1. So Leu201 ticks every box in (1) assigned to a helix (DSSP H, G or I); (2) in contact with a strand residue (DSSP E or B) (Cβ under 6 Å, 6 or more places away or on another chain); (3) buried (at least 16 other Cβ atoms within 10 Å of the Cβ) but one. Which box is left unticked?
2. Quick one: what pairs do we get from the stretch 243-262, first residue assigned by TED's automatic domain parsing to the domain that holds Pro31, second of a type in the set (D, E, K, R) and in a helix (DSSP H, G or I), C-beta under 6 Å, 6+ apart or different chains?
3. Got at least one residue in the stretch 18-31 being under 17 Å from Phe187 (Cα atoms), of a type in the set (A, V, I, L, M, F, W, C) and surrounded by 19 or more Cβ atoms within 10 Å (Cβ to Cβ)?
4. Starting from residues that are of a type in the set (A, V, I, L, M) and not in a loop (DSSP other than H, G, I, E, B), keep the ones in the stretch 1-19 and report whichever is modelled with the lowest pLDDT.
5. Just wondering, is there one or more residues in the stretch 35-44 that are at pLDDT below 95 and surrounded by fewer than 20 Cβ atoms within 10 Å (Cβ to Cβ)?
6. From the set of residues in the stretch 333-378 that are surrounded by 17 or more Cβ atoms within 10 Å (Cβ to Cβ) and among the polar types (S, T, N, Q), which is farthest from Phe304 (Cα to Cα)?
7. For the stretch 54-70, check the following and say yes or no: at least one residue is under 16 Å from the mean Cα position of the chain (by Cα), in a strand (DSSP E or B) and not assigned by TED's automatic domain parsing to the domain that holds Leu360.
8. Look at the stretch 319-369 and say how many of its residues are without any contact (Cβ under 8 Å) to a residue 12 or more places away in the chain, more than 30 Å from Asp76 (Cβ to Cβ) and polar (S, T, N, Q).
Amino acid sequence: MSSKIWLSPPHLNGHEMEYIQQAFDSNWVAPVGENIDEFEESIKQTIGGKNEVVCLSSGTAALHLALIMAGISKGDEVLCQSFTFAAAANTIIYQRATPIFIDSEPSTWNMCPAHLETAIKDRIARGKNPKAIIFVNLYGMPAKIDEIISIAKKYNLILIEDAAESIGSTYKGKSCGTFGDFAIFSFNGNKIITTSGGGALICPNLSLKQKAIFLATQAKDEAPHYQHSTIGYNYRMSNILAGIGRTQIKVLQERIQNRRANHQFYQNLFHTINEVKVLEEPNINFFSNFWLTTIHINKAYSNFKREALFTKLAEANIESKPLWKPMHLQPVFQEYPYYGKKVCENLFVTGLCLPSGSNLSNKDKERIANVISVYFNI
């Protein structure tokens, strides 16, 4: 059998060991050191140089700290995009708060501003006071950010931007990860750049960065002995892993070019297949890194099914993945309120993520194109 084509494998550039070795040679193998400082500064400059960056052990840790820094606690309500990975909803539960799930809109597949405002009005009418919004830039595609920001300001809600998948993407020329009161990135092994495991919290100023570092390093008070007046967490990134990040971020723009080239390959491939729609940028205000290229199959065409295409690709040793199962459909979250219709539900049952690695070769693309062409009879 041919070698496996993975959905989004790590893509190292061969220089990572230089900074890893530097960490070993200097004996800075703890969650402090030059690699962390330099990686944070590189991220800061990459997204525009105004926001402060805290490198952490995961994107989930960054979301959790964002909620803590936002003052979210027991009984608070947080409006959360339903169509996403579970981390956002999980971290709301960590704080013993209540997630309020919001449907997507069809042009970006991200949080629908209309349903968001409907939810806020209804929660207020019920005597509730939502405190924050978590919106996502799904698969690298920026959300309808202007509308979401406007709603957050109108109702005085804290805005958290889940940019886990969208480093390098922009909205109206401004970098994703800079639109919320707080934002997060993920550097998990499947992301566009990776530190093996890791993430970053984006803060608006140095004071909040220092507070985040304090919380991420077990909230140790200034004292000669171990003293704690606040609950803390072991969330800081290792100096070793930050060394990988220092090298990875140098090739971010190259990786984005490769991912966007993959997206163009799929656009060309599906151009004559009316049954399939590729997620595309709605207009020139949106620039996606296309971390993953995603499609959905028109349900009106009953001869073609997402499951069948998934199976055909798997039989050829090609990995694909269904789109995210919405949070409000997950057994663990079914008791929580949901506002919207069935946009994200329909995307889940008709959609597929296709192999999008920045190291996808021409030979790989030929194999993928062959399977898809045979399935759709083109």
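The values are calculated or read from the model by the stated rules, or taken from the named source; none is laboratory data. Since we're looking at a predicted model, the values are computed, not measured. All Cβ positions, even for glycine, are placed from backbone atoms using ideal geometry, and neighbour counts span all protein chains on display.
1. It is condition (1) that Leu201 fails.
2. Ile244/Glu16; Arg246/Glu38; Thr247/Glu16
3. yes
4. Our first condition is that a residue be of a type in the set (A, V, I, L, M); within the stretch 1-19, this holds for 1, 5, 7, 12, 17.
In the following step, the residues that additionally are not in a loop (DSSP other than H, G, I, E, B) were identified as 5, 17.
Working: Ile5: 98, Met17: 89.
My answer is Met17.
5. no
6. Among residues in the stretch 333-378 that are surrounded by 17 or more Cβ atoms within 10 Å (Cβ to Cβ) and among the polar types (S, T, N, Q), the one farthest from Phe304 (Cα to Cα) is Ser358.
7. yes
8. Of the residues in the stretch 319-369, 2 are without any contact (Cβ under 8 Å) to a residue 12 or more places away in the chain, more than 30 Å from Asp76 (Cβ to Cβ) and polar (S, T, N, Q).
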